[in-house]
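In what follows, a single structure is set out as structure tokens and then discussed.
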Amino acid sequence: MSIRVGKTGNEAVAEAMRQINPDVVAAYPITPQTEIVQIFSSFVANGKVDTEFVTVESEHSAMSATVGAASAGARSMTATSANGLAFMWEIVYIAAGMRLPIVMPVVNRALSGPLNIHCDHSDTMGARDSGWIQLFSENAQEAYDNAVQAPRIAENPDVKLPVMVTMDGFIISHAMEVMEILEDEKVREFIGKYVPENPLLDVDNPVTLGPVDLQDWNFEHKRQQAEAMRNAKPVILDVASEYAKLTGRKYGLFEEYKLDDADIAIVVLGSTAGTAKVAVDQLRAKGVRAGMLKIRVFRPFPAEEIADALKHVKAVAVMDRSDSFNAVGGPVFVDVRSALYDVDNGPKIVNYIYGIGGRDVTPDHVKTAYADLAKIAETGQVENPLTYLGIRE
């Protein structure tokens, strides 16, 4: 039976961590993630979890300690944001390369410089090719649900990859909403007991972890990582299906909103999906056949599935809350356009970069993109393939 509560995104994720009851959490504070580990530390102090809570001197050390704990066979977690994730960079790649099923909530925040503490996706987009699975969340409910599902995905023997569970800083992390959480025993039963394979502390079966890996075997090991990421897609869907039976909340690789008969559509991640749904509803009320696709699983990227979902649309706008500075477009746009490349008579596609550094995005901003799409759908011509939405220029 689900329990109806009012929680912020940070509270919801900390609650999920309490219910998961990891063996080790290594923590370092950074806005707007700090509350997650702060709240979780109170669970440790009050004896509500059995977790070994390791306070470290930096985010680099937080990921290092988490890698060490996971290598020893512990179910291990940490959390971070923005520059904290960047400071982990070296060890983030090591965690994935060592195939450690670490779960890390990441509260999305602009990556310096200039210094900014508000939401955009530059932090996790910077790590998109690090070998971590990335789950994006629209709201606190989805952040909680993603966090509960993450250990099952990471620890699956066909996957064994670390997982980032992301949510937009302040917009989700500090905003309270009514949501449902599961009973503790249901979560423990769902995630199951972690049985590590070849842990470092199994002295009867000694192994070497993190050795020098030169040209004789490194290529093969990277190929194994790539295959594990491909394996993750069906595992994510299987876990989501089982979770839907438990909660009634169904998740896929992405969500389609009024997309079946849409002529024009946008692709979006995170909290802006909620804003886009309002815009879609308002446009539908005026007879505009608008739709939306919200990506939940950004890594592995569901290219074939997205292409199939969008192939009937006349024009598509991809909304990026970060810029890749490649002079072409944002990271989500590049992946979506690549996915649509082989679609015969596929939709025209444009990119809107928005919300950098926490800049507000409203339904009217989104409707501006839809108005542009309507012109493209009518004329078949793209005048501005890249637009910076809501900027003074």
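The values are calculated or read from the model by the stated rules, or taken from the named source; none is laboratory data. Remember, predicted model here, so these are calculated numbers, not experimental data. A quick note on method: Cβ atoms are made from the backbone with ideal geometry, for glycine too, and the neighbour counts reach across all protein chains shown.
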**Message:** Taking the condition of being in a helix (DSSP H, G or I) and either hydrophobic (A, V, I, L, M, F, W, C) or within 21 Å of Glu15 (Cβ to Cβ) (or both), how many residues in segment 96-110 meet it?
**Reply:** 1
**Prompt:** Within segment 333-354, restricting attention to residues that are of a type in the set (Val, Ile, Thr) and surrounded by fewer than 20 Cβ atoms within 10 Å (Cβ to Cβ), which residue is farthest from Arg321 (Cα to Cα)?
**Reply:** Val343
**Prompt:** Looking at Ser64, Ser130, Ser71, which is the one that is surrounded by fewer than 24 Cβ atoms within 10 Å (Cβ to Cβ), within 24 Å of Ala240 (Cα to Cα) and of a type in the set (Gly, Ala, Ser)?
**Reply:** Ser130
**Request:** Among the candidates Ala273, Ala228, Ala232, Ala240, single out the residue that is part of a helix (DSSP H, G or I), in the same structural domain as Asp123 (by TED's automatic domain parsing) and in contact with a strand residue (DSSP E or B) (Cβ under 6 Å, 6 or more places away or on another chain).
**Result:** Ala232
**Asked** Within the set of pairs 6 or more residues apart or between chains, which connect a residue that is in a strand (DSSP E or B) inside segment 314-329 to a residue that is among the polar types (S, T, N, Q) with Cβ atoms less than 8 Å apart?
**Response** Ala317/Asn351; Val318/Asn351; Met319/Thr272; Asp320/Asn351
**Prompt:** What are the residues in segment 115-127 that are surrounded by 23 or more Cβ atoms within 10 Å (Cβ to Cβ) and more than 13 Å from the chain's Cα centre (by Cα), if any?
**Reply:** Cys119
**Item:** Flag if Leu293 is touching an Asp or Glu at 6+ places or on another chain (Cβ under 7 Å) and not charged (D, E, K, R)
**Value:** yes
**Message:** Among (1) over 20 Å from Cys119 (Cα atoms); (2) among the basic types (Lys, Arg); (3) in a strand (DSSP E or B), there is one condition Lys294 misses while meeting the rest; what is its number?
**Reply:** (1)
**Asked** How many residues are buried (at least 20 other Cβ atoms within 10 Å of the Cβ) and of a type in the set (Ser, Thr, Tyr) when one looks only at segment 12-50?
**Response** 1
**Prompt:** Which residue, of Ile306, Ile376, Ile353, is over 19 Å from Asp168 (Cβ atoms), in contact with a strand residue (DSSP E or B) (Cβ under 6 Å, 6 or more places away or on another chain), not charged (D, E, K, R) and not assigned by TED's automatic domain parsing to the domain that holds Glu138?
**Reply:** Ile376
**Request:** Tally the residues that are out of contact with any helix residue (DSSP H, G or I) (no Cβ under 7 Å at 6 or more places or on another chain) and either among the aliphatic types (A, V, I, L, M) or at positive phi (or both), restricting the search to segment 330-349.
**Result:** 3
**Prompt:** Picking from Gly248, Gly274, which residue would you name as being out of contact with any Ser or Thr (no Cβ under 7 Å at 6 or more places or on another chain), surrounded by fewer than 23 Cβ atoms within 10 Å (Cβ to Cβ) and at positive phi?
**Reply:** Gly248
**Matching strands (runs of 3 or more DSSP E) fully within segment 131-189 where at least 3 residues are in the same structural domain as Met98 (by TED's automatic domain parsing), within 19 Å of Gln33 (Cβ to Cβ) and among the β-branched types (Val, Ile, Thr)** = 163-168
